[in-house]
Amino acid sequence: MSIFVDETTKVVVQGISPTSQGLYHGLRNRAYGTQVVAGTNPKRGGAEIEGIPVFATVAEAVAATGATASFISVPPPHAAAAILEAAAAGISFVVCITEGIPAQDEAVTYNRLVQEFGGTRLLGPNCPGIISPGKCNIGITSGDIALPGGPVGIVSRSGTLTYQALHELSQQGVGQTTCVGIGGDPVPGTNFIDCLAAFQADPDTKAVMMIGEIGGSEEERAAQYIADHMTKPVVAYVAGVTAPPGRKMGHAGAIISGSSGTAQAKMAALSEAGVEVAQNQTEAGVRMVELVKELG
Amino acid sequence: MDLYEYQGKQYFRRFGIPTSPGGVADTVDEAVTQAEQAGYPVVVKAQVKVGGRGKAGGIKLAADAEEVRQHAGAILGMDIKGHTVHRLWVEHASDIAKEYYASFTLDRPAKLHLGMLSATGGVEIEEVAATNPGAIARLSIDPVTGLDRAAARRWVDEADLDEAARDQAADLLVQLYTCYTEGDCDLAEINPLILTTEGRVHALDAKVTLDDNARFRHPEWEEYAATETEDPRERMAHERGLNYIGLEGSVGIIANGAGLAMSTLDVVNQVGGRAANFLDIGGGANADVMAAALEVINADPSVKAIFVNIFGGITRVDEVAKGVIEALQRVDLRSPIVLRLDGTNAEEGRSLLAPHLSDRLLAEPTMLEAARRVVTLAGA
C-alpha cells in the first residue's frame, strides 16, 4: 500500500496551457503512469492539450472525469485562489509546488481550508510533490530514482535531499511505499505528523525516513508524536547545523529565530524520542538500508 | 528583508501609525538640519540592523546643534557588533511616561497570527518572556477574520496598559495589524511603544521584517532593495538573481536545492572546514546560472577552494556537467573546484567531465569525500 495517492488517484492539472509548467510536469507524471485525467484553464475550456481534456473550472473537470487530486504549479499571485478553487470543487488531495507564495496568503488559505473544506488535504506549497512508486507521481520528483514495493516511507521538508534519499535507497535495492515532500514554507498544508500517522497506519510501510531542516518547531512536534504513537522505526536527518541565526536559508521557513528552530534542538528532540539521527543524508540512507535488512 | 528603523517608521506611517517627527542624515551637517526641523531636544540614533544600539553608545540625546554635531560625529562610522554606522535617524525627543511592547508575527505551530502586548516595554522581549512571562498578553488571531477594534480594546485591558493609553493603543494595534497583514510583514514590532507625558501613544522604535515572497505586489519596496545588505558579495549575488548568504569561512559552496546547500555547509563543517557562503542555484543548474554562481564565489577573496555539490533529480547530471564545463570556460577561477555530481545520469555526467579533470578541477563520488578534499585544498 501507500499513503495519500495510489493507482486509483485521478489528477486534474490546474492552469494548463501549451507553455505552462503544469503541462510539462503533468505530462511527465502521466508518462510515469499517473492517471492525469483533466486540465483546467478558464480561457481554454473544451480544448484538448496533448490528449488531456481541458475544462474552464475544476468543478467542471471533477464532474466530467471524477478527478480526486489536483496539481498546482501556477505563479504565486494565483496559487492561493487555485488551492481554494480545488477545495471548493471537492478535490480531496491538492498538491501545490508553487514557490514564493506570500506567508500571509498561506496563513489565510490554510485556515480557510480547515474552516470551510475539512475534506481537503493540501500538500505544500513550495514542495516537490508526492510519489507512490509504481502507482502515482504528482509533482516534480523524477520517477526514475524511485523504486516500487516499499518498505520505506519518506517524509521531507527538502527537495533535493529527498531525491538523494530516494536515489540512495533505490540503488541499494530498498524500495519506497510513498515519498512525501511537505515543503519548506512557514505554513505547510500537510506536516510531518500527518505523514508519520499515515505511515504508521500503512501496513506496507515498515520504516520511515524523515528529513527536516532548521526553522519552526515541526520536527520537535514530530519527535513528540513519534515517542507517543509510533512503533515503526524512524531514521532522521536535519539540515542546517551550521546555519547562522536570523537568515533564511533558501526556504522561507528555514530560519533560526533567537534560540528556537536550530538543527541541534531538533536532533536532540528526535534522538530523545528514540529516532536514529544521522549526521548527513548519506549516513541516514546507509542506516536505513541496514535497518531494512535487519527487519528482514 | 529586514528594514532599518527609519524605513520601518516610514512604513508604519503608510498605515497611520504615529511616530515622532524626524529625518535621515548621512553626515553631521544633515543631522543638524534634521534636528532643526524636528525641534530640540532630539535623539540621534545609529541606523544598523542589530539590537543593543543604546548600550553600544549608538543612541544619544541632544539639546542643541552643538550636541547634535558632537553625537552625530561620534556615532557615524561607529562599529556596532560588526555593523558600521553609515546613517542616522534624528527625531524629536519624546517625554516618556510609560514604555510598552507590541508585535505581530506568525505562530507557526498554531498556523495563526500571534499578537504580543506588554506593559513592560523598552527591554528585550525575550528577557521579559523568560523572567516574567505573565507580563506578556498573547493574542491568537485567525488570519481569516483578523483583528477588530473591539478585540484590540479587550486585549489592551488584558495587558493592563495605563488607562490613559488604552483607547489610543487599541487604535494603534489595529493599524499595526493592518501593516503586518496588508503590508506583508513577517514581523512588525514596536519596542518601545510609548505613552508620553502629554498622554499620546506612539511608536518610538520600529522593527519590521518584510516577506520577500510578497515583493511582486509591493512596488514601493524597491527603495529598500538598495540598502538590503551591506555585504558586497550578497549584493553581487542578488543582482544576478542568486540565493546567496555570505559566511566567514574559506570554502565556497554551490549546491542545488536549499536543503542540499544547508547540508553541504554542515558536511564541510563536520570534516573541519568552514563555508564562505550558502548558495542554492535551484533546480536548473545550467551554464548561465553556474557561471554566475562561480563569478560571485570567485570575487570573494577569502575563498580558497570551491565545492560544487549537485544532485540531479529532474535535472540530469550530464546536463549539469555540460553546464559546469561551459561555465569554467567563461570564468577565470582563482581557486580549485571539487565536484560531487550524483543522481540521474551520474555516469554519463562523470564521463563528460573526465577529460577536463586536473589539479584545479577534481571530482569525488560522495559528498563526504568531496568535503574532505575541498577542506584540505582550502587549508593548503
message: Would you confirm whether or not segment B:167-187 contains a residue that is assigned to a loop (DSSP other than H, G, I, E, B), crowded, with 23+ Cβ neighbours inside 10 Å and of a type outside the set (Val, Ile, Thr)?
response: no
- prompt: Only one residue in B:ASP212, B:ASP160 is outside the structural domain of B:ASP300 (by TED's automatic domain parsing), open to solvent by 40 Å² or more (accessible area, probe 1.4 Å) and at pLDDT below 95. Which one?
  reply: B:ASP212
statement: (1) more than 13 Å from chain A (Cβ to nearest Cβ); (2) on the phi > 0 side of the Ramachandran plot all hold for B:GLU239 apart from (2)
Of the criteria (1) away from chain B (no Cβ under 11 Å); (2) buried (at least 24 other Cβ atoms within 10 Å of the Cβ); (3) in contact with a strand residue (DSSP E or B) (Cβ under 6 Å, 6 or more places away or on another chain), which one A:GLY212 fails: (1)
query: For segment A:218-254, which residues satisfy the criterion of being in contact with a helix residue (DSSP H, G or I) (Cβ under 8 Å, 6 or more places away or on another chain), assigned to a loop (DSSP other than H, G, I, E, B) and within 8 Å of chain B (Cβ to nearest Cβ)?
result: A:GLY240, A:VAL241, A:THR242, A:ALA243, A:LYS248, A:MET249, A:GLY250, A:HIS251, A:ALA252, A:ALA254
field: From the options A:ALA87, A:ALA82, residue that is open to solvent by less than 20 Å² (accessible area, probe 1.4 Å) and within 14 Å of chain B (Cβ to nearest Cβ)
entry: A:ALA87
query: Do you know which residues across segment A:129-144 are modelled with pLDDT under 95, open to solvent by 10 Å² or more (accessible area, probe 1.4 Å) and either in contact with an Asp or Glu (Cβ under 6 Å, 6 or more places away or on another chain) or not β-branched (Val, Ile, Thr) (or both)?
result: A:GLY143, A:ASP144
message: Quick check on B:GLU239: is it touching a residue at least 12 places away in the same chain (Cβ under 8 Å) and either open to solvent by 20 Å² or more (accessible area, probe 1.4 Å) or within 18 Å of the chain's Cα centre (by Cα) (or both)?
response: no
query: Any idea which residue in segment A:257-296 is surrounded by the fewest Cβ atoms within 10 Å (Cβ to Cβ), counting only those that are away from chain B (no Cβ under 11 Å) and assigned to a loop (DSSP other than H, G, I, E, B)?
result: A:GLY296
- prompt: Quick one: is B:VAL268 crowded, with 23+ Cβ neighbours inside 10 Å, closer than 30 Å to A:THR262 by Cβ, of a type in the set (A, V, I, L, M) and touching a residue at least 60 places away in the same chain (Cβ under 8 Å)?
  reply: yes
query: Just one of A:SER170, A:SER156 is open to solvent by less than 10 Å² (accessible area, probe 1.4 Å), on the phi < 0 side of the Ramachandran plot and hydroxyl-bearing (Ser, Thr, Tyr); which is it?
result: A:SER156
task: Answer yes or no: is there a residue in segment B:315-331 that is of a type in the set (Ser, Thr, Tyr) and free of Cβ contacts under 8 Å to residues at least 24 places away in the same chain.
output: no
field: Search result, residues across segment B:177-194 that are over 20 Å from the mean Cα position of the chain (by Cα) and under 18 Å from B:ALA137 (Cα atoms)
entry: B:TYR177, B:PRO192, B:LEU193, B:ILE194
- prompt: What is the residue count in segment A:215-242 for residues that are modelled with pLDDT of 95 or more, open to solvent by 40 Å² or more (accessible area, probe 1.4 Å) and β-branched (Val, Ile, Thr)?
  reply: 1
message: Just to be sure I understand, how many residues within segment A:28-78 are in a strand (DSSP E or B) and of a type in the set (A, V, I, L, M)?
response: 8
- prompt: Here are B:ASP300, B:ASP342, B:ASP318: which of them is closer than 21 Å to B:GLY379 by Cβ and not hydrophobic (A, V, I, L, M, F, W, C)?
  reply: B:ASP300
task: Would you mind finding the one in A:LEU123, A:LEU147, A:LEU161 that is open to solvent by less than 10 Å² (accessible area, probe 1.4 Å) and either modelled with pLDDT under 95 or within 14 Å of another protein chain (Cβ to nearest Cβ) (or both)?
output: A:LEU161
statement: Checked B:THR145, B:THR131 against criteria (surrounded by fewer than 18 Cβ atoms within 10 Å (Cβ to Cβ) and away from chain A (no Cβ under 14 Å)); the one match is B:THR131
field: Residue ID - farthest from the other protein chains (Cβ to nearest Cβ), chosen from residues in segment B:251-263 that are under 10 Å from B:PHE307 (Cβ atoms) and within 22 Å of the chain's Cα centre (by Cα)
entry: B:GLY252
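The values are calculated or read from the model by the stated rules, or taken from the named source; none is laboratory data. Every value quoted in this text rests on a predicted model; they were computed, and no experiment measured them. Glycine also receives a Cβ, built like all others from the backbone with ideal geometry; neighbour counts cover every protein chain displayed. Heavy atoms of the whole protein, side chains included, go into the accessibility calculation; ligands, DNA and RNA do not. Shrake-Rupley method; radii C 1.70, N 1.55, O 1.52, S 1.80 Å.
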